[in-house]
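See below for the structure under consideration.
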Ligand code: ATP
Ligand code: MN
Ligand code: MN
């Protein structure tokens with residue numbers, strides 16, 4: 001196992017330069033949280049979130065009228081995000097160049113909230129070298145009938161198989177139904193190598209345990225199984241970022257979780273945007289020291 005270094009919290013910033021309008025607008029109708037609540041959550045959680053969210057291309061889930069109304073994915077600046085948002089030019093499949101969004105500060109998070117953002121999703125590579133991935137994610141998507149217990153066991157199983165081939169990995173509760181297993185990687189290999197590795201790894205798991213795992217998207221083949229969504233590992237794909245809020249009932253958030261803690265975890269999404277203080281306190285515990293950090297390369301597989 002690699003000895004991970006501790007994630008250095010980003011120091012608290014000077015007062016935000018971003019003004020949040022309509023703070024009283026209800027964004028989560030079921031539980032009542034407002035745009036102001038969401039802005040306060042991101043301001044508080046920024047020191048924990050920025051080590052994972054900063055300096056990589058992001059897609060936003062924007063729901064300007066709240067989560068019950070129309071939401072959409074956005075990856076390009078519409079021109080209205082302001083100076084807190086940065087841009088990185090990325091070649092599209094057709095060869096054209098498009099500016100993608102990234103951020104590097106709490107003000108960036110705030111600028112996105114001001115624009116109606118609820119969720120933050122990140123590429124698997126950094127803005128400084130978008131063609132070299134720096135993390136592999138296996139997104140475990142349980143079929144309808146499966147309980148969280150099955151997802152937990154599956155995540156641990158994947159952790160163990162990755163450990164077998166020398167890769168440290170970390171678990172994140174997606175804030176939805178599943179768990180993401182994340183292996184940080186030092187950049188070096190290409191997207192083609194990255195995707196190929198992820199596909200072969202997922203296929204090997206499903207071939208070894210076809211009753212439990214499936215590695216193809218087909219809904220029909222997923223009945224009663226866990227889909228190992230390896231497609232998060234292709235160029236341009238995103239995954240929800242640690243500590244992002246979700247545009248789902250109860251305003252849940254995606255949270256890192258220690259392997260030992262996951263085993264005892266009964267609910268798929270135990271934290272919401274009302275829990276910033278608890279999340280900050282929890283992050284200082286021993287279990288989460290070094291979460292998400294490891295210096296390691298994609299092995300031969
Ligand atoms: P859950 O645990 O409930 O599955 P999730 O975040 O893993 O939550 P998925 O539907 O499995 O949700 O999607 C995985 C990731 O794929 C998302 O986090 C998101 O980054 C990306 N994604 C999903 N749907 C879209 C979409 N329509 N457009 C762009 N990216 C998407
Ligand atoms: Mn998922
Ligand atoms: Mn998925």
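At-a-glance table
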| quantity | calculated |
| --- | --- |
| Set 266, 295, 249, 277: member being surrounded by fewer than 20 Cβ atoms within 10 Å (Cβ to Cβ) and touching a strand residue (DSSP E or B) at 6+ places or on another chain (Cβ under 9 Å) | 295 |
| Within the stretch 100-140, tally of residues that are more than 30 Å from residue 196 (Cβ to Cβ) and part of a strand (DSSP E or B) | 2 |
| Residues of the stretch 147-169 satisfying the condition of being within 15 Å of ligand 1 (Cβ to nearest atom) and surrounded by 20 or more Cβ atoms within 10 Å (Cβ to Cβ) | 151, 152, 154, 155, 158 |
| Failed condition for residue 56, given (1) under 24 Å from residue 190 (Cα atoms); (2) in contact with a helix residue (DSSP H, G or I) (Cβ under 8 Å, 6 or more places away or on another chain) | (2) |
| Filter result (closer than 14 Å to residue 158 by Cβ, within 13 Å of ligand 2 (Cβ to nearest atom) and in contact with a helix residue (DSSP H, G or I) (Cβ under 8 Å, 6 or more places away or on another chain)) within the stretch 212-228 | 226, 228 |
| Total residues in the stretch 169-184, condition in a loop (DSSP other than H, G, I, E, B) and touching a helix residue (DSSP H, G or I) at 6+ places or on another chain (Cβ under 8 Å) | 3 |
| Boolean, residue 104 is within 16 Å of ligand 3 (Cβ to nearest atom), surrounded by fewer than 22 Cβ atoms within 10 Å (Cβ to Cβ) and at pLDDT 95 or above | no |
| Pick from the stretch 208-227, criterion crowded, with 20+ Cβ neighbours inside 10 Å and away from ligand 1 (no atom under 11 Å from the Cβ), ranking: nearest to residue 101 (Cα to Cα) | 215 |
| Failed condition for residue 198, given (1) out of contact with any strand residue (DSSP E or B) (no Cβ under 8 Å at 6 or more places or on another chain); (2) within 14 Å of ligand 3 (Cβ to nearest atom) | (1) |
| Positions within the stretch 185-195 being touching a strand residue (DSSP E or B) at 6+ places or on another chain (Cβ under 7 Å) and in a helix (DSSP H, G or I), in sequence order | 191, 194 |
| Residues that are away from ligand 3 (no atom under 12 Å from the Cβ) and either within 28 Å of residue 116 (Cβ to Cβ) or out of contact with any strand residue (DSSP E or B) (no Cβ under 8 Å at 6 or more places or on another chain) (or both), drawn from the stretch 220-246 | 220, 223, 224, 234, 235, 236, 241, 242, 243, 244, 245, 246 |
| Condition check for residue 44: surrounded by 22 or more Cβ atoms within 10 Å (Cβ to Cβ) and in contact (Cβ under 8 Å) with a residue 40 or more places away in the chain | no |
| Qualifying residue in the stretch 86-93 (condition: at pLDDT below 95, assigned to a loop (DSSP other than H, G, I, E, B) and over 15 Å from the mean Cα position of the chain (by Cα)) | yes |
| Residue that is within 16 Å of ligand 1 (Cβ to nearest atom), farther than 30 Å from residue 34 by Cβ and surrounded by 18 or more Cβ atoms within 10 Å (Cβ to Cβ), where the choices are 138, 120 | 138 |
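The values are calculated or read from the model by the stated rules, or taken from the named source; none is laboratory data. Every value quoted in this text rests on a predicted model; they were computed, and no experiment measured them. Positions of Cβ are backbone-derived with ideal geometry, glycine not excepted, and every protein chain shown enters the neighbour counts.
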